[in-house]
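Note sheet for the following structure.
The values are calculated or read from the model by the stated rules, or taken from the named source; none is laboratory data. Remember, predicted model here, so these are calculated numbers, not experimental data. Note that we place each Cβ from the backbone using ideal geometry, even for glycine, and neighbour counts take in every protein chain shown.
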Amino acid sequence: MRDKTFVDTSILIWAHDIDARSKHEVAKRILSELWNRRTGALSVQTLQEFCVNVTRKIAARLPKHTARTVVHSYATWCVETTPADLSLAVEIEDESKIGFWTRSLLPPQPKAEPSGSCRTISMRDRGSPASASRTRFANRIAL
């Protein structure tokens with residue numbers, strides 16, 4: 001099975017924000033590729049942040065029923081995190097340039113079953129983070 005790619009909230013928002021211009025097109029392409037390969041992953045928190053932002057904060061807000069449809073579609077990508085994952089997020093934040101929130105959204109690594117782990121994070125460009133175990137940062141969109 002292929003490794004999963006964890007999708008940052010920004011990528012999901014930009015894919016549905018027509019005012020995001022070039023970021024919109026790149027984010028749509030990233031999500032389309034992940035959908036076709038069945039390798040996308042995200043957290044419930046990512047969907048919550050998406051819903052709040054696209055219905056309240058972006059200029060071309062989505063109607064709530066549209067946001068609900070998107071959330072429902074991407075719910076199959078959700079991965080579970082545990083309190084142990086949060087502890088690991090604190091450790092990684094101390095050892096690297098990866099922020100706590102980014103790491104805490106990731107599923108546990110490594111899992112016994114390869115299909116359950118994310119080895120890539122698709123996120124907006126926040127600088128050059130250090131490596132987090134075997135995690136790779138890809139498809140970064142410059143701000």
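The table below lists the values:
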item: Index of the failed condition, SER32 passing every other in (1) part of a helix (DSSP H, G or I); (2) among the polar types (S, T, N, Q); (3) touching a residue at least 24 places away in the same chain (Cβ under 8 Å); result: (3)
item: Flag for THR55 being of a type outside the set (A, V, I, L, M, F, W, C), surrounded by 14 or more Cβ atoms within 10 Å (Cβ to Cβ) and within 13 Å of VAL71 (Cβ to Cβ); result: yes
item: Within segment 3-26, considering residues that are assigned to a helix (DSSP H, G or I) and without any contact (Cβ under 8 Å) to a residue 40 or more places away in the chain, the one surrounded by the most Cβ atoms within 10 Å (Cβ to Cβ); result: ALA15
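Yes or no, residue by residue, for (1) buried (at least 17 other Cβ atoms within 10 Å of the Cβ); (2) under 11 Å from the mean Cα position of the chain (by Cα); (3) at pLDDT 60 or above:
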| position | (1), (2), (3) |
| --- | --- |
| LEU34 | yes, no, yes |
| LEU42 | yes, yes, yes |
| ARG68 | no, no, yes |
| GLU80 | no, no, yes |
| SER87 | no, no, yes |
| GLU93 | yes, no, yes |
| CYS118 | yes, yes, yes |
| THR135 | yes, no, no |
